[in-house]
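Colleague: A single structure is presented below for examination.
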């Protein structure tokens, strides 16, 4: 193998970085050959064009403060988007998908028990197939409608609201309702 064609690990050693950093660079567009190896010359040229070297001068107080203020503004925008419902956290999205998969699993596992009495009386394979297909399509249509995701998200919102009384900041039991204010 040529000294110019390297594995990811060898390129990582050559650049004094971790192998995971090389993987990140590849995800950002670092050129890789079809065999997964890296042409060192092309990769270094890419790095020079796409990365910046740290400044030799230390950051001024004003620049650090401006960077901090910008980061805080970004954070407030994210918080506002989450609060308004324009964005969701990764955790909430994961919970919604997990709920959808759980509901799908339960709905599909319920099919045999629901269909068994009806199928026990049928002797025709085509009729059995038609009955099973009808129920599968009904279950999958229900799951694909989008209403289920809205329902799961609504249930999570209601659980979250029952944990912390809105506006008061006090914690309440999940099964209790906050008192109405007059």
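What follows is calculated from the coordinates using simple rules that are stated; it is not laboratory data. Quick caveat, the model's predicted, so the values are computed rather than measured. So basically every Cβ, Gly included, is an ideal-geometry build from the backbone, and we count neighbours across all protein chains shown.
Colleague: Using a Förster radius of 35 Å, what is the FRET efficiency between residue 33 and residue 97 based on their Cβ-Cβ separation? Nearest 0.05, please.
Modeller: Here the calculated transfer efficiency is 0.45.
Colleague: Continuing with the same structure: If packing is taken as the mean number of other Cβ atoms within 10 Å per residue, what is the order of 66-77, 25-36, highest first?
Modeller: Result, highest mean Cβ count within 10 Å first: 25-36, 66-77.
Colleague: Still on this structure, please answer the following. If R0 is 25 Å, what FRET efficiency do you get for residue 74 and residue 52 from their C-beta distance, rounded to 0.05? Walk me through the numbers before you get to the answer.
Modeller: Numbers: r = 20 Å, r/R0 = 0.80.
E between residue 74 and residue 52, to the nearest 0.05, is 0.80.
Colleague: Here's another thing I want to ask about it. Provide the FRET efficiency to the nearest 0.05 for the residue 145-residue 113 pair, computing r from the beta carbons and using R0 = 22 Å.
Modeller: Values: r = 23 Å, r/R0 = 1.05.
For R0 = 22 Å, the calculated efficiency reads 0.45.
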